[in-house]
Amino acid sequence: ALIALTYATALAQNTAKDKVEAAKAKATTAYETAKKKLDAANRKAFISDSLIEVGKEQVSEAEEKIKELTDTKKAAIKGFAEEKKSYNKYLKDKDKMVVKQAMTDLKNLDKQSADSLKAIDKAIANAEKMKTKGKANITKGETTKKTVSEAVKQAEEKYETAAEKYEQITGNTAERLTTDTNDDEEKASKKDKKKKKSKKNNDDEESDNDD
């Protein structure tokens with residue numbers, strides 16, 4: 001009988017130990033899963049923020065380039081016009097050779113002017129494309145951020161719940177993946193409220209037991 005009792009006690013102890021280990025394993029798995037999901041959500045949030053920043057840089061760079069090229073084009077047009085005037089006066093020269101040379105120079109100047117302005121226009125068009133792409137990136141980033149922000153919020157809530165259970169059951173310290181001060185303060189407030197609620201429930205139970 002004593003052997004049977006000893007065996008039953010050992011079995012009960014082992015069963016209790018197995019339950020504790022199973023609870024720890026379950027809490028750890030839930031915690032690790034929640035951590036991975038939060039990490040993934042934060043990565044998506046980072047990507048959407050990066051997309052917005054890249055878009056803003058592209059727009060800013062493009063606008064600066066467009067202004068620079070527009071000013072260059074105006075200066076080039078003015079320069080060619082002034083240069084053309086200097087050749088035009090030779091068209092009325094009495095010397096036919098001078099007139100002929102002036103016409104040749106004017107023809108070359110027109111070609112040079114056309115080629116130069118064409119290159120500037122092409123550069124402006126490319127800058128406009130960059131600006132359009134930048135705006136598209138900003139829009140895409142902002143649109144994605146709305147969805148991602150909600151996903152991060154939900155992932156953070158699930159992570160905090162899983163982390164709290166993990167700490168309670170395993171005695172280990174959970175990793176904190178969020179660094180935003182306001183979020184930390186909000187979570188600390190929620191945690192404090194949970195503790196107060198838990199304490200109140202325990203006090204109520206003790207009061208019932210005293211009755």
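The values are calculated or read from the model by the stated rules, or taken from the named source; none is laboratory data. From a predicted model like this one, the values you see are computed outputs, not experimental measurements. All Cβ positions, glycine included, derive from the backbone under ideal geometry; neighbour counts span all protein chains shown. What goes into the accessible areas is simple: the full protein's heavy atoms, side chains included, and nothing from ligands, DNA or RNA. Shrake-Rupley method; radii C 1.70, N 1.55, O 1.52, S 1.80 Å.
Residues 128, 150: which one is under 27 Å from residue 65 (Cβ atoms) and charged (D, E, K, R)? Within the list 128, 150, the selection yields 128.
Here the stretch 42-52 is the region considered, the condition is being in contact (Cβ under 8 Å) with a residue 40 or more places away in the chain and open to solvent by 50 Å² or more (accessible area, probe 1.4 Å), and the residue that is farthest from residue 130 (Cα to Cα) is 44. For the residues 140, 158, 197, the requirement of being more than 29 Å from residue 50 (Cα to Cα) and either of a type in the set (Lys, Arg) or at pLDDT below 50 (or both) singles out 197. Out of 35, 84, 89, 65, one residue alone is surrounded by fewer than 12 Cβ atoms within 10 Å (Cβ to Cβ) and either assigned to a helix (DSSP H, G or I) or over 37 Å from the mean Cα position of the chain (by Cα) (or both). It is 89.
Return a yes/no flag: does the stretch 161-170 have any residue that is open to solvent by 80 Å² or more (accessible area, probe 1.4 Å) and at pLDDT 50 or above. Yes, there is a match, as at least one residue in the stretch 161-170 is open to solvent by 80 Å² or more (accessible area, probe 1.4 Å) and at pLDDT 50 or above. The single residue among 71, 110, 105 that is among the acidic types (Asp, Glu), surrounded by 15 or more Cβ atoms within 10 Å (Cβ to Cβ) and assigned to a helix (DSSP H, G or I) turns out to be 105.
Of the residues examined, residue 57 is not one that is open to solvent by 100 Å² or more (accessible area, probe 1.4 Å), farther than 30 Å from residue 136 by Cα, at pLDDT 90 or above and in a helix (DSSP H, G or I). The set of residues in the stretch 118-163 being under 20 Å from residue 62 (Cβ atoms) and among the hydrophobic types (A, V, I, L, M, F, W, C) consists of 119, 120, 123, 124, 125, 127, 130, 136, 138. The set of residues from the stretch 68-116 being free of Cβ contacts under 8 Å to residues at least 40 places away in the same chain and among the aliphatic types (A, V, I, L, M) comprises 75, 81, 91, 97, 98, 99, 102, 103, 106, 109, 114.
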